[in-house]
Amino acid sequence: MKRPEPVQVIKQRRDAALQSLIEGVPYIQFMGFRFDRRGDELTGVMPYQDMLIGNPMLPAIHGGATAAFLETTAIIELSWAAMWDRMEAGEDVTALRLPKTIDFTVDYLRPGLPRDAYARATINRSGRRYASVHVEAWQDNRSRLFAQATGHFLMPQKPSDG
């Protein structure tokens, strides 16, 4: 019987795969988005920066920055879910392509305040070609959302799917 991998080896493999996924999207670095991982669950983090303010009179985070954060969180969650089984089987997952957005609808529930924001995506449906995702964003209180979104995505085809 093969001995199980040490927990640190598993954690390093998962963290490296997530880092590779995130580094493959330059826009994530530009916007300063981060992703915290707990097991297979991801939380997107949009650290506050002055450049995110759209209305300095309130001040409030720009709606475009909020939408970009939600859409990016959805795409990273879809990619992470798609690569999880392959990664756990020891396959190389560094060259996976990202899903393409078909449509993305954002509900702005209240102004985003000048502070860090967090988001979690839930995959409602994910098939070979199509996926539907719901994303929720909050700041200080997880139950007090400031934005939510629903998106539909075209999933990248595996080479064997031709």
All-but-one check, Ile61 against (1) modelled with pLDDT of 95 or more; (2) in contact with a Ser or Thr (Cβ under 8 Å, 6 or more places away or on another chain), failing number (2)
Being modelled with pLDDT of 90 or more, more than 16 Å from Leu98 (Cβ to Cβ) and touching a Leu at 6+ places or on another chain (Cβ under 8 Å), is that true of even one residue in the range 23-31?
no
Those residues of the range 54-101 that are part of a loop (DSSP other than H, G, I, E, B), surrounded by fewer than 16 Cβ atoms within 10 Å (Cβ to Cβ) and out of contact with any strand residue (DSSP E or B) (no Cβ under 6 Å at 6 or more places or on another chain) come to a total of 10
Of the residues in the range 114-155, those that are of a type outside the set (Lys, Arg), surrounded by fewer than 16 Cβ atoms within 10 Å (Cβ to Cβ) and assigned to a loop (DSSP other than H, G, I, E, B) number 5
Those residues of the range 32-53 which are part of a loop (DSSP other than H, G, I, E, B) and modelled with pLDDT of 95 or more amount to Gly32, Phe33, Pro47, Tyr48, Gln49
Scanning the range 22-46 residue by residue, those in contact (Cβ under 8 Å) with a residue 60 or more places away in the chain and either touching a strand residue (DSSP E or B) at 6+ places or on another chain (Cβ under 7 Å) or among the hydroxyl-bearing types (Ser, Thr, Tyr) (or both) turn out to be Leu42, Thr43, Gly44, Val45, Met46
Among Gln8, Gln19, Gln12, the single one that is surrounded by fewer than 16 Cβ atoms within 10 Å (Cβ to Cβ), assigned to a helix (DSSP H, G or I), polar (S, T, N, Q) and modelled with pLDDT of 90 or more is Gln19
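The values are calculated or read from the model by the stated rules, or taken from the named source; none is laboratory data. Only a predicted model underlies this, so the values are computations on that prediction, with no experimental measurement involved. Neighbour counts run over all protein chains shown; Cβ positions are idealised from the backbone, glycine included.
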